[in-house]
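Data first, discussion second: the structure below is written as structure tokens.
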Amino acid sequence: MKKIFSRPESLRDITTHYCPGCGHGIAHRLVTEVIDLLGVRGKVIAVAPVGCAVVAYDYWNFDCCEAAHGRALAVATGIKRCRPDRVVFTYQGDGDLAAIGTNETIHAANRGENLTVVFVNNAIYGMTGGQMAPTTLLGQVTSTTPGGRRAEVQGYPLKISEMLAMLPGVKYVERRGLFCPQEIIKAKAALHLAFDNQLRGGGFSLVELLSPCPTYWGMSPAAAMDWIRDTMVKEFPLGRIK
Amino acid sequence: MNKEKKILLSGNEAIAEGAIQAGCRFYAGYPITPQNELTAYMARRMPEAGGVFIQAESEIAAINMVMGAAASGIRAMTSSSSPGISLKQEGISYLAGAELPAVIVNMMRGGPGLGNILPSQSDYFQATKGGGHGDYHCLVLAPSRVQESFDTMFSAFSLADKYRVPAIILGDGMLGQVMEPFSVRVPAAFAAKKAANVSKPWALTGCAGREPNVVKSFYLRDGDLEDFNLRLQKKYAVMLKKEARYEGTMLKDADLVLVAYGTMARICSAVVRRLRKEGKKAGLIRPVTLWPFPVQAFLPKTSPARNFLVAEMSYGQMLEDVKLALDGRAQVNFIGRAGGGFPLEEVIAAEARKL
């Protein structure tokens, strides 16, 4: 009998700390499947964020570096410039990449660093207990927007992927959603392209993944998936941005 | 090794050249006066040496790029001046917490706040007592001449690698800007490439053929962080014992010992010569490492004097370490200015004559 499906070698056989229904498990799985598929596990150096995925290095089976909150793309720049033949990627949440790390994000992109960015957008700060994120939707209730986010007070959801796509140094930007099998397959294809770009020296590639946070959205895992499909994609449309 | 060859450069440039000769192959920096000559020198020289130069978008990005480069096993450095060093403190704390070797140059200027661009020594506390969050120390080296600025880079990179700690070069705007001829003398171990190619089995190079490496400072499980901190403390205890260095001048028979580092030590050296000519028995302790602080220089067998005069371009920061080292056994006096001025030779001499 031929084995046709198994855990990726790049993903350790360890119970994660993620909440039930969290999208990080799916995102980790997709990233590690793609790394295995490309056969580059031994060349990967990942940069883990501060946020819910802070201990991603406990789950991934390749070299990993910690970065301070928001600094992942500066750390990744240092690594990649010193080790240009290695496969370097950052894995960052919305707070990390689009709030405290906006400057590092924009400038690494503008320099056209040959890096891959996995951007997990769940419209909330999960690790710290459900505060407003830069990508929180208008009207969305969080612990710091108890009456819902209001444009005139907190501004609008930040479309960082569209902003980055304007920069000539950025080669590829795509947004996908982790809410149903068909979409998850498309997300994997996008990640594959983003890593493949780096291997071919293509430059800065970013894949944004709309990801469920049932705990801080106050929903069941199934309802959280539906909320991405019915509500979140209206603010953050799926597809190739660049 | 060419002992004869001398070149004329500023302290900032000598530090940059010293770093490259010491095997530094990654530099990231951000413009700030009075250290811009260092960054400009690196921009030209680093690519020649086959290394990486990046003008970062911020001081914060620069120190984090250094973190990435250091994590990948490359000798890496950044430089700045006081307000920029304040911005780097988060990254320095992470370097200490992740046990990454790197070199950070601070050409101190006047503070607090934006202050001014004139020389100062007001960041002593920040450099020697931690600076960022957490219980950690950086190795702190304080050159006082351009020659020493070049030479000290070899110790800085070697010791940073040996102990896996960030090393700070604490200079001042005067040292950075002054131009002096110096010998490009490379220590034998570096010339032989022995000290330049240190094995770093912890480095992130891709896990092919070995188990994955992780560089981190995060210890969430109960007790793990305390264990890690105790390990750091043990390392610091070894450094305190082995790495504290100073330069002593005429200490044995001195009635009055001046204590100063960096540019202030050069001025105090002239004061000591002047006082000796006048028949006053004066000596000088110049700490070369500020952390670990050279307490051995203040032991009665080394410096039997009962009277000390600390001179700083601050309102008394190193003064506290001198008092701790003397532990009440001698009178400790102080003269200092901050905000762009420094105590002049004749002013210090006049103060010394009163003691």
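The values are calculated or read from the model by the stated rules, or taken from the named source; none is laboratory data. None of these values were measured; they are calculated from a predicted model. So basically every Cβ, Gly included, is an ideal-geometry build from the backbone, and we count neighbours across all protein chains shown. Just the protein is used for accessible areas: all its heavy atoms, side chains included, with ligands, DNA and RNA removed. Shrake-Rupley method; radii C 1.70, N 1.55, O 1.52, S 1.80 Å.
For the range B:232-355, the share of DSSP beta bridges that are antiparallel, to the nearest 5, is 20%.
Ordered by 1.4 Å accessible area with all protein chains kept, A:Leu164, B:Leu355 run largest first as B:Leu355, A:Leu164. Summary of packing: across the peptides B:315-327, A:142-154, the per-residue average of other C-beta atoms within 10 Å ranks them, highest first, as B:315-327, A:142-154.
Taking each of A:Lys80/B:Lys200; A:Lys188/A:Lys242; A:Lys171/B:Lys216; A:Lys80/A:Lys171 in turn, the alpha-carbon distance tops 20 angstrom for A:Lys171/B:Lys216. For chain B, the longest principal axis of the C-alpha atoms and the axis of helix B:146-163 are separated by about 50°.
GNM remark for chain A: springs join alpha carbons under 10 Å apart, and the peak mean-square fluctuation among A:Leu199, A:Leu38, A:Leu178 falls on A:Leu38.
If you build a Gaussian network model of chain B, linking Cα atoms that sit under 10 Å apart, which residue out of B:Thr128, B:Thr152, B:Thr302 swings the most? Of B:Thr128, B:Thr152, B:Thr302, the most mobile in the Gaussian network model is B:Thr302. When shorter helices are ignored and each DSSP H run of at least 4 residues is given -39500 (n - 2.57), the per-residue value for chain A at 222 nm works out to -9000 deg cm²/dmol. Taking a spot 7 Å from the Cα of B:Lys281 along the direction of its beta carbon, which residues of the range B:232-266 have an amide N less than 20 Å from it? Counting backbone N atoms under 20 Å from the label point, the list is B:248-259.
Counting, for every residue in B:86-96, the Cβ atoms of other protein chains within 10 Å of its Cβ and taking the mean gives 1. Structure remark: mean-square fluctuation, Gaussian network model of chain B, C-alpha springs under 10 Å; the largest value among B:Ala188, B:Ala98, B:Ala203 belongs to B:Ala188. Measure nothing fancy, just the Cα-based angle from helix B:262-277's long axis to the longest principal axis of chain B, in degrees from 0 to 90, nearest 10. Value to nearest ten degrees: 20. Shielding by partners for peptide A:56-67, expressed as the average number of C-beta atoms from other protein chains within 10 Å of each residue's C-beta, is 6. Among the trypsin sites (Lys or Arg not before Pro) in the range B:239-312, those placed in a DSSP loop whose Cβ has at most 14 other Cβ atoms within 10 Å are B:Lys252, B:Lys301, B:Arg306. Loop-located chymotrypsin sites (Phe, Trp or Tyr not before Pro) in the range A:1-90 (DSSP state other than H, G, I, E, B) with a sparse environment of at most 15 neighbouring Cβ atoms within 10 Å: A:Phe5. Helix-only arithmetic for chain B: the sum of -39500 (n - 2.57) across DSSP H runs with n ≥ 4, divided by the residue total, places the mean residue ellipticity at 222 nm at -12000 deg cm²/dmol.
Against the main long axis of the alpha-carbon atoms of chain B, helix B:224-242 sits at an angle near 50°.
Taking every residue in B:72-78 and counting other chain Cβ atoms within 10 Å of its Cβ, the average works out to 3.
Rolling a 1.4 Å probe across all protein chains gives B:Lys194 an accessible area of roughly 150 Å². Summarising the strand pairing of the range A:131-242, around 30 percent of its internal DSSP beta bridges are antiparallel.
Quick one: grab the alpha carbon gyration tensor of the range A:25-138, order the square roots of its eigenvalues as a ≥ b ≥ c, and give me rounded if a/c is under 1.5, else prolate or oblate depending on whether a/b is larger than b/c. In terms of gyration-tensor shape, oblate.
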